[in-house]
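See below for the structure under consideration.
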Amino acid sequence: MHRITVIGGGFAGLTAAITAAEAGAEVTVHEAHHTLGGRARTAAGPYRTNEGPHALYAGGPHWTWLRRRGLIGPLASVPPREAARLRLRHRGTLRRTPPLAMVRLLRPGLRRAPVDADFLSWAAHHVGEEGARAAAHYAAVALFHHDPGSLSAAFVQERLRRAAKLPPEAHYPRGGWETVVDRMAARAWNLGVRVETLSRVDTVPTRTPVVVATSLDAARRLLGDDSLSWPSGRTTLVDLAVRTRRGDAFAVSDLDAPGWVERFTAQDRTLAPAGEQLIQGQIPIAPRESKADGTARAEQLLDLGFPGWRERVTWRREAVAAGRTGAVDPPGTSWRDRPAVDRGDGVYLAGDQVAAPGVLAEVSFTSALTAVSLALGRDALDLKSA
Ligand SMILES: Cc1cc2nc3c(=O)[nH]c(=O)nc-3n(C[C@H](O)[C@H](O)[C@H](O)COP(=O)(O)OP(=O)(O)OC[C@H]3O[C@@H](n4cnc5c(N)ncnc54)[C@H](O)[C@@H]3O)c2cc1C
């Protein structure tokens, strides 16, 4: 029987642990925190904010894998009357429909964007600069980067398409991602996975194989390997609860600059006490910008989409997520150029900044499958279809 050690009990670590245990391996997971889930944890309440993921994209490989195992659970969908309250800020005012130039970039017939060009130049060539900028800023909802137009055209185009798809790909686990994490943890437990929480690993275990399923920063420190780095975003997160008012927007997407504010209780009433709404905003900020700059831009979007919100606030919190929103690929690079999963000597990386395809948490998922298939010496495709 294979024995495998997984360091990190987030979405990647749990995926690796379940996959390895299903393949018959004896698995031990070490998690530094006292609970599992990593960035996929949800606050206890009364305001059930997610630190990281909100949306589970139905087009991703993790969707099928989780569903086959009954791990997704009840989903909260956006009622049509709420979906109709999606607003876009364009040229300083709110509108209901995207600018035509931006829509033209979503035409199914449009060729795949090149890896080597930056998105803004490529898109401006097709629809002009204004539409290109609006599209880049819209895609920021899945990019968390202050200058999405400067990234690889192929990388941004994939995220733009998936973020704008109709019917929407984004689904929301009722009660937050923690409910998915709890089901994954139960599945791992039932498969005999040994889970050790409050178990920070400071040196790589001598018994291999080992899957390092931490953030890339933590993996760099743990493995003492300075080559383990890749660009990511830096984003101001503004979470607030407001007293309910009819007519509030469902979400406001900023097309003048990257930024997104969403009322998550529109789809899931369980996230805040009765009579209150939970709103979360994410405003990507440039290296020279501060948290306050992001907060100021979030407040502009709130002023537009949620009239009188300042007088209705019952709770509020702000933070900066730096390097925690997954990989972004500059022009000339793709996921294949990121730090490889196989580090040699029986050590494998899983996480959202490593060499694996997908959007956001899908990269953690795909790399976890690859890491386990390499660790157990099996064909990755066998595992994917399992
Ligand atoms: C604001 C925000 C919004 C996001 N929105 C979405 C979204 O809508 N959809 C989506 O798909 N993704 C989203 N993401 C990305 C998603 O959160 C991540 O891709 C995913 O949660 C990463 O999971 P992971 O297991 O790779 O890493 P993590 O969740 O970071 O897990 C790593 C784990 O390793 C543990 N650890 C670290 N060092 C050690 C050590 N030395 N020993 C033991 N344990 C250790 C940590 O405690 C942690 O539990 C978002 C992220 C952020 C920040």
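The values are calculated or read from the model by the stated rules, or taken from the named source; none is laboratory data. Predicted, not measured: the structure shown is a model, and the values here were computed from it. For neighbour counting, all protein chains shown are included, and Cβ atoms are generated from backbone atoms with ideal geometry for every residue, glycine included.
Listed values, structure above:
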item	result
Every pair of residues 6+ apart whose Cβ atoms lie under 9 Å, when the first sits in segment 239-254 and is touching a residue at least 12 places away in the same chain (Cβ under 8 Å) while the second is part of a strand (DSSP E or B) and among the hydroxyl-bearing types (Ser, Thr, Tyr)	240/314; 241/314; 242/314; 243/314
Tally, over segment 226-258, of residues that are touching a helix residue (DSSP H, G or I) at 6+ places or on another chain (Cβ under 8 Å) and of a type in the set (D, E, K, R)	6
So residue 356, is it modelled with pLDDT of 95 or more and within 13 Å of the ligand (Cβ to nearest atom)	yes
Index of the failed condition, residue 170 passing every other in (1) farther than 25 Å from residue 342 by Cα; (2) of a type outside the set (Val, Ile, Thr); (3) within 14 Å of the ligand (Cβ to nearest atom); (4) more than 25 Å from the chain's Cα centre (by Cα)	(4)
Hits in segment 234-259 (condition: of a type in the set (S, T, N, Q) and either under 27 Å from residue 15 (Cα atoms) or in a strand (DSSP E or B) (or both))	235, 236, 253
Tally, over segment 190-233, of residues that are assigned to a strand (DSSP E or B) and surrounded by fewer than 21 Cβ atoms within 10 Å (Cβ to Cβ)	3
Filtered residue count, segment 98-154, keeping only those that are aliphatic (A, V, I, L, M) and within 16 Å of the ligand (Cβ to nearest atom)	5
